[in-house]
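Novice: Next up is a structure, given as structure tokens.
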Amino acid sequence: MLKIWSCVRKELLLLFRDRAGLLVIFLMPVVLVIIVTLVQENVLKSMGETKIQVLFLDRDLSEVGRQMEETVRKSDAVIIVKEIAGKQIDVEWAKLAVAKGNFQCAVVIPEGTTKAFKKKAREAVENSLSASSAKARVRKERPRDEAPRFLIYFDPALSETLRLGLASLFEKVSMDIEMKEKMRVFSEVLPVHLTAAAKKAMGPLWSEETRKMVPSARIEWDNTPIIVVEEKTAQYGAPVLRPNTVQQNVPAWTLFGMFFIVVPLAGSLIRERQTGMLTRLFVMPLSYLAMISGKIVSFVIICMVQFALIMAIGRFVLPIFGAPVLNVGSSPAALVLIAVSAGLAASGYGILLGTVARTYEQASMFGAVSVVICAALGGIMVPVYVMPKVMQSISILSPLSWGLRAFQEVFVRGGTVRSVLPDTLLMLLFFVTTTLIAWFYMSQRGRTRIQ
Amino acid sequence: MNEAGICRGETLITDHLVKVYRGAGRPALNELTLSIGEGQIFGLLGPNGAGKTTAISVMNTFLKPTSGSVTICGIDAVKYPRHAKKLIGYVPQDIALYPDLSVRENLGFFGRIYGLRGKELEQRIVECAEFVGLEGNLDQRVFTLSGGMKRRANLAAGLIHEPKVLFLDEPTVGIDPQSRNLILERLATLKDKTTMVYTTHYMREAELLCSHVVIMDTGEIIAEGTPEDLLSRDPSSTNLEELFITLTGKQLRD
């Protein structure tokens, strides 16, 4: 045990004197977590959290345009722009402005829309009420006027999600207007039809008194919704938080930083081999296990410091720049378990890399590239759920994805030690496997005696 | 080894040592049998590829022999390397020190691996530094030392635990005459308590320092004895270097 502690002490001393190594270990993940979180925070805001400016060109200047404007204005997502610098907007100018990305969307309500719309609404109601009559059948066979159209121009760079959102907003608004108009016409036409039908049925019994008995439909409808759509987030156990850029990026880049220790760790092994230090150590009463344990313990300590540092940044530094405060869940024990498992997995990989690679250049190049690939696959840069199906199935092979999933379990789903066990066990298995392969490779090299 | 920790008689014995590297056509060591008495400074000489470093690596437990045995102070070093390692000191050809640690930190680390602690360790660090003339440089980081100072620090690291047997693999390569002279002088003073196995390409060094010399080539011993004995066997050679060339030939070795 004392020998392992001597190795730990030596490794920590060497690490703290290696300025380039310290930059890779601490500064890089800190800078990455701050920059990526703030950049993504801004992107997300532009994708829905801030209002979208919509050019609104009402050439109809009548009921439909007014209703459309009034209903859209009620939406939190949209700001209506009707004129620029006090001047009315030209349709061609609006199309160009949207095409250039100066505005995300332009809505054009052509002249005569209200007139055409009212005519279509009346036609539709009349058709419905007289559906069975021969007169109506004849009317149906007549060529119909084309339905009035709203024109919506979208910025080509607008995200598909946002485009669909805006389109469905305008569709909903137009459906509301259509429904109201149809109901208005219906309430106007229905009593006429009923009166005519009753008069025909009663014949000589029809009088002014019976006419008063025909019910009139209400024009003003009760706006209380009949069906309420209630939004809730599915959860089990503790209350669930809505994932945000901080909840995604802080654990993601913590893991990235942790796994980047493979470069200095592999480098230290290679340097010891190249300088003859490993030979000297093998001639000393120091087992391979103790030597490797010393490295693993010291690098896991480093990982824990990284973890604490980046968590503190999520908690105290990012909010200064306007990002949400990191919520670390309610199970510190689970977080420590994940961090230690991730540190061990990274150390195991570093030991394997340092054993197999022949030169420092090989180890640093392969180590860095492989960690970046595993990070990309593991959902560090882009969440796994937005990846294509093929990539999602590959991503389960990345140890970083196990770590991230476990962190998200605690941060977002209120997970506990028990619920993160499967992912932490995977990371521990990865550690054991990589270390055993390194040991096997070392012993098969045939030059050294491993004890 | 007796209860006082002193080896009596033969300190290091190798018996028909053979080492064949995987894929190699011929053995790097072929039936090497040596008997090195207590306090001897045993010179292992030979051209490049003669098997000197392999011999040292097998004797110091770094390599497992293909066959044969190594006994250090009565301990079978092939069967019980962990026990043997405590008795062994090793000064490799390379400067096997951590450049970013100071001399004190390096010696401290090696001392702790041998079980030294506290005041005893501090005392040994100072003694070893004084022994190699680095007492004024203890807190200097190794990468800032001159080549000669690094060599001396390398030697000090091999002595920190007062080994019974010290293996020195070309410990004076690439240093100035002053540092070389100091190392040789100091090594000569160790022979009362430490048996040394010394490899070098400097024949003059071996002639001055070694009490017994073995000249190897192609993994085998081609001459053995005290420097005086060896020279007396070949009157045409006036020094060890001439004898060495006579025995191993003038052909270049890679």
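The values are calculated or read from the model by the stated rules, or taken from the named source; none is laboratory data. All of these numbers come straight from a predicted model, not from anything done at the bench. Note that each Cβ is placed from the backbone with ideal geometry, even for glycine, and that neighbours are counted across all protein chains shown.
Novice: Wholly within the stretch B:122-234, which helices (runs of 4 or more DSSP H) include no fewer than the required count, namely at least 3 residues that are in contact with a strand residue (DSSP E or B) (Cβ under 8 Å, 6 or more places away or on another chain), closer than 22 Å to B:ASN48 by Cα and of a type in the set (A, V, I, L, M)? Walk me through how you get there before you give the answer.
Specialist: On the way: elements: B:147-159, B:177-190, B:203-209, B:227-233.
Fully inside the stretch B:122-234 and qualifying: B:203-209.
Novice: Pick from A:SER401, A:SER443, A:SER393, A:SER419: which is part of a helix (DSSP H, G or I), of a type in the set (S, T, N, Q), at negative phi and in contact (Cβ under 8 Å) with a residue 60 or more places away in the chain?
Specialist: Answer to the check: A:SER419.
Novice: Just to be sure I understand, how many residues within the stretch A:146-170 are surrounded by 12 or more Cβ atoms within 10 Å (Cβ to Cβ) and among the small types (Gly, Ala, Ser)?
Specialist: Residues that pass the stated criteria total 3.
Novice: If you don't mind, there's one more thing I want to ask. State all residues of the stretch B:118-140 that are polar (S, T, N, Q) and either on the phi > 0 side of the Ramachandran plot or crowded, with 20+ Cβ neighbours inside 10 Å (or both); if no residue qualifies, say none. Don't jump to the end; show me each part of the working.
Specialist: Here is the first cut: in the stretch B:118-140, the ones polar (S, T, N, Q) are B:123, B:137, B:140.
Across the stretch B:118-140, the qualifying residue is only B:ASN137.
Novice: Another one. Could you say whether any residue in the stretch B:78-86 is within 13 Å of another protein chain (Cβ to nearest Cβ), within 22 Å of the chain's Cα centre (by Cα) and either at pLDDT 95 or above or within 28 Å of B:ILE175 (Cβ to Cβ) (or both)? Walk me through it before giving the result.
Specialist: Initial filter on the stretch B:78-86 (within 13 Å of another protein chain (Cβ to nearest Cβ)): B:78-86.
Of the ones still in play, those that are also within 22 Å of the chain's Cα centre (by Cα) are B:78-86.
The next check asks that each one be either at pLDDT 95 or above or within 28 Å of B:ILE175 (Cβ to Cβ) (or both); those that pass are B:85.
So far as the stretch B:78-86 goes, yes, one or more of its residues are within 13 Å of another protein chain (Cβ to nearest Cβ), within 22 Å of the chain's Cα centre (by Cα) and either at pLDDT 95 or above or within 28 Å of B:ILE175 (Cβ to Cβ) (or both).
Novice: Keeping to the stretch A:343-383, report how many residues are in a helix (DSSP H, G or I) and over 21 Å from the mean Cα position of the chain (by Cα).
Specialist: 26
Novice: Would it be correct to say that B:MET203 is touching a residue at least 24 places away in the same chain (Cβ under 8 Å) and touching a Phe, Trp or Tyr at 6+ places or on another chain (Cβ under 7 Å)?
Specialist: When the stated conditions are applied, B:MET203 passes them.
Novice: Also, I was wondering about something else. Which condition number does A:SER6 fail, the rest of (1) more than 14 Å from every other protein chain (Cβ to nearest Cβ); (2) over 30 Å from A:ALA323 (Cβ atoms); (3) modelled with pLDDT of 85 or more; (4) surrounded by 15 or more Cβ atoms within 10 Å (Cβ to Cβ) being met?
Specialist: (1)
Novice: While we're looking at this one, here's another question. State the number of residues belonging to the stretch B:30-54 that are under 18 Å from B:ALA84 (Cβ atoms) and within 14 Å of chain A (Cβ to nearest Cβ).
Specialist: 1
Novice: Of B:GLU135, B:GLU120, B:GLU130, which residue is over 19 Å from B:GLN178 (Cβ atoms) and either of a type in the set (D, E, K, R) or more than 8 Å from every other protein chain (Cβ to nearest Cβ) (or both)? If you could, list the steps in order and put the result at the bottom.
Specialist: Working: B:GLU135 fails: over 19 Å from B:GLN178 (Cβ atoms); B:GLU130 fails: over 19 Å from B:GLN178 (Cβ atoms).
Matching residue, one of B:GLU135, B:GLU120, B:GLU130: B:GLU120.
Novice: Also: Among the candidates B:GLY89, B:GLY148, B:GLY115, single out the residue that is surrounded by fewer than 17 Cβ atoms within 10 Å (Cβ to Cβ), more than 20 Å from A:LEU269 (Cβ to Cβ) and of a type in the set (Gly, Ala, Ser).
Specialist: Criteria check complete, one pass: B:GLY115.
Novice: Quick one: would you say A:GLY21 is within 14 Å of another protein chain (Cβ to nearest Cβ) and of a type in the set (Gly, Ala, Ser)?
Specialist: yes
Novice: I would also like to ask the following. Which of the following residues is within 17 Å of B:ARG82 (Cβ to Cβ) and within 14 Å of another protein chain (Cβ to nearest Cβ): A:MET284, A:MET277?
Specialist: Of A:MET284, A:MET277, the one residue that is within 17 Å of B:ARG82 (Cβ to Cβ) and within 14 Å of another protein chain (Cβ to nearest Cβ) is A:MET284.
Novice: Also: Return only the number of the condition from (1) away from chain B (no Cβ under 14 Å); (2) crowded, with 22+ Cβ neighbours inside 10 Å that A:ILE301 does not satisfy.
Specialist: It is condition (2) that A:ILE301 fails.
Novice: Could you please let me know if A:MET1 is of a type in the set (A, V, I, L, M), over 30 Å from A:PHE316 (Cβ atoms) and touching a strand residue (DSSP E or B) at 6+ places or on another chain (Cβ under 8 Å)? Walk me through it before giving the result.
Specialist: On the way: of a type in the set (A, V, I, L, M): yes; over 30 Å from A:PHE316 (Cβ atoms): yes; touching a strand residue (DSSP E or B) at 6+ places or on another chain (Cβ under 8 Å): no.
For A:MET1, the condition - of a type in the set (A, V, I, L, M), over 30 Å from A:PHE316 (Cβ atoms) and touching a strand residue (DSSP E or B) at 6+ places or on another chain (Cβ under 8 Å) - is not met.
Novice: If you don't mind, another one. So, A:MET387, is that one free of Cβ contacts under 8 Å to residues at least 12 places away in the same chain and surrounded by 16 or more Cβ atoms within 10 Å (Cβ to Cβ) or not?
Specialist: Considered against the rule, which asks whether it is free of Cβ contacts under 8 Å to residues at least 12 places away in the same chain and surrounded by 16 or more Cβ atoms within 10 Å (Cβ to Cβ), A:MET387 comes out as yes.
Novice: I would also like to ask the following. Just to be sure, is A:ILE351 modelled with pLDDT under 90, more than 18 Å from A:ALA334 (Cβ to Cβ) and not basic (Lys, Arg)?
Specialist: So A:ILE351 fails the test.
Novice: Sticking with this one: Which residues, taken from the stretch A:96-125, are crowded, with 16+ Cβ neighbours inside 10 Å, over 21 Å from A:ARG66 (Cβ atoms) and polar (S, T, N, Q)?
Specialist: The answer is A:GLN104, and nothing else.
Novice: If you go through the stretch B:100-112, how many residues are crowded, with 22+ Cβ neighbours inside 10 Å and more than 10 Å from chain A (Cβ to nearest Cβ)?
Specialist: Looking only at that region, the number is 2.
Novice: Still on this structure, please answer the following. Take A:VAL372 and decide whether it is surrounded by fewer than 22 Cβ atoms within 10 Å (Cβ to Cβ), of a type in the set (Val, Ile, Thr) and farther than 24 Å from A:LEU32 by Cβ.
Specialist: Working: surrounded by fewer than 22 Cβ atoms within 10 Å (Cβ to Cβ): yes; of a type in the set (Val, Ile, Thr): yes; farther than 24 Å from A:LEU32 by Cβ: no.
It is false that A:VAL372 is surrounded by fewer than 22 Cβ atoms within 10 Å (Cβ to Cβ), of a type in the set (Val, Ile, Thr) and farther than 24 Å from A:LEU32 by Cβ.
Novice: What number of residues in the stretch A:74-122 are among the basic types (Lys, Arg) and farther than 24 Å from A:LEU162 by Cβ?
Specialist: Of the residues in that region, 6 qualify.
Novice: Before we move on, is B:LEU97 outside any helix (DSSP H, G or I), buried (at least 20 other Cβ atoms within 10 Å of the Cβ), out of contact with any strand residue (DSSP E or B) (no Cβ under 6 Å at 6 or more places or on another chain) and within 14 Å of chain A (Cβ to nearest Cβ)?
Specialist: yes
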